[in-house]
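Inspection log for the structure reproduced underneath, given as structure tokens.
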Amino acid sequence: FQISFDLAEYTADVDGIGTLRLLDAVKTCGLINSVKFYQASTSELYGKVQEIPQKETTPFYPRSPYGAAKLYAYWIVVNFREAYNLFAVNGILFNHESPRRGANFVTRKISRSVAKIYLGQLECFSLGNLDAKRDWGHAKDYVEIALHDVSSVSSVPATVAQKADALDQLGNLNPVISSKLSRISGMSWSSPAEKLG
């Protein structure tokens, strides 16, 4: 989120105009009838949430350069689909975890901080708003849905609804994470709040 404010022009170029460039390449190369285009969009389109939970009809209200760039990407996909009859879909993805998750995301911040505490390199760490609620999923599940979307005869993507979980419940809601963190660190770990400074 914050990084898109720090690199706003780059964010717009890659996440917004980058999608246009790909779509234009499909058109220019005469591949309209042979390409299925999937644009991985984001829940950041909703930004300042107008309703909970969000649905496909929830109005978009992006609150960051990233969200705004992805909003452009969303609508340029719709425009190319309608203008050129291109098979093009937008998948609105919520938080998805995998071993490749970046270090600046909360789950990686927690796991890296626990490792540093275990190694004696850190005494405590802090997190932001523990009342924030986020939808959680696994990257593999999201890829399977994306593959379903582009394998479908319809250009209307499937949706997956998940329960939004508060960050302070992460340990309670994911016993696999909790038990692994406890085993590795030797600490009891039922909630990230236990080690906040």
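Rundown of residues vs (1) of a type in the set (A, V, I, L, M); (2) out of contact with any Cys (no Cβ under 8 Å at 6 or more places or on another chain); (3) more than 30 Å from ALA25 (Cβ to Cβ); (4) without any contact (Cβ under 8 Å) to a residue 12 or more places away in the chain, yes/no style:
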| position | (1), (2), (3), (4) |
| --- | --- |
| GLU51 | no, yes, yes, yes |
| VAL78 | yes, yes, no, no |
| ARG81 | no, yes, no, no |
| ASN85 | no, yes, no, no |
| ALA88 | yes, yes, no, no |
| ILE92 | yes, yes, no, no |
| PHE105 | no, yes, yes, yes |
| SER113 | no, yes, yes, no |
| LYS116 | no, yes, yes, yes |
**OP:** Evaluate the following for THR28: is it of a type in the set (S, T, N, Q), modelled with pLDDT of 90 or more and more than 19 Å from the chain's Cα centre (by Cα)?
**Re:** yes
Original post:
Which condition breaks for PHE37 when tested against (1) modelled with pLDDT under 95; (2) assigned to a loop (DSSP other than H, G, I, E, B); (3) over 15 Å from the mean Cα position of the chain (by Cα)?
Top reply: (2)
Original post:
Only one residue in GLY67, GLY128, GLY137 is over 15 Å from the mean Cα position of the chain (by Cα) and small (Gly, Ala, Ser). Which one?
Top reply: GLY128
Original post:
Does region 113-131 contain any residue that is crowded, with 17+ Cβ neighbours inside 10 Å and of a type in the set (Lys, Arg)?
Top reply: no
Subject >> Residues satisfying the stated conditions in region 16-34, i.e. closer than 16 Å to VAL89 by Cβ, among the β-branched types (Val, Ile, Thr) and in a helix (DSSP H, G or I) >> reply: THR19, VAL26
Subject >> Of all residues in region 40-49 being under 15 Å from the mean Cα position of the chain (by Cα) and either in contact (Cβ under 8 Å) with a residue 60 or more places away in the chain or surrounded by fewer than 17 Cβ atoms within 10 Å (Cβ to Cβ) (or both), the one that is nearest to ASP13 (Cα to Cα) >> reply: ALA40
Original post:
Looking at region 44-73, which of its residues are within 19 Å of GLY18 (Cβ to Cβ) and among the polar types (S, T, N, Q)?
Top reply: SER64
Original post:
Across region 1-15, what is the number of residues that are part of a helix (DSSP H, G or I) and within 11 Å of SER64 (Cα to Cα)?
Top reply: 8
Subject >> Residue tally, condition in contact with a Lys or Arg (Cβ under 8 Å, 6 or more places away or on another chain), of a type in the set (S, T, N, Q) and outside any helix (DSSP H, G or I), over region 87-139 >> reply: 2
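The values are calculated or read from the model by the stated rules, or taken from the named source; none is laboratory data. All of these numbers come straight from a predicted model, not from anything done at the bench. Reconstructed Cβ throughout: ideal geometry from the backbone, glycine too, with neighbour counts over all protein chains shown.
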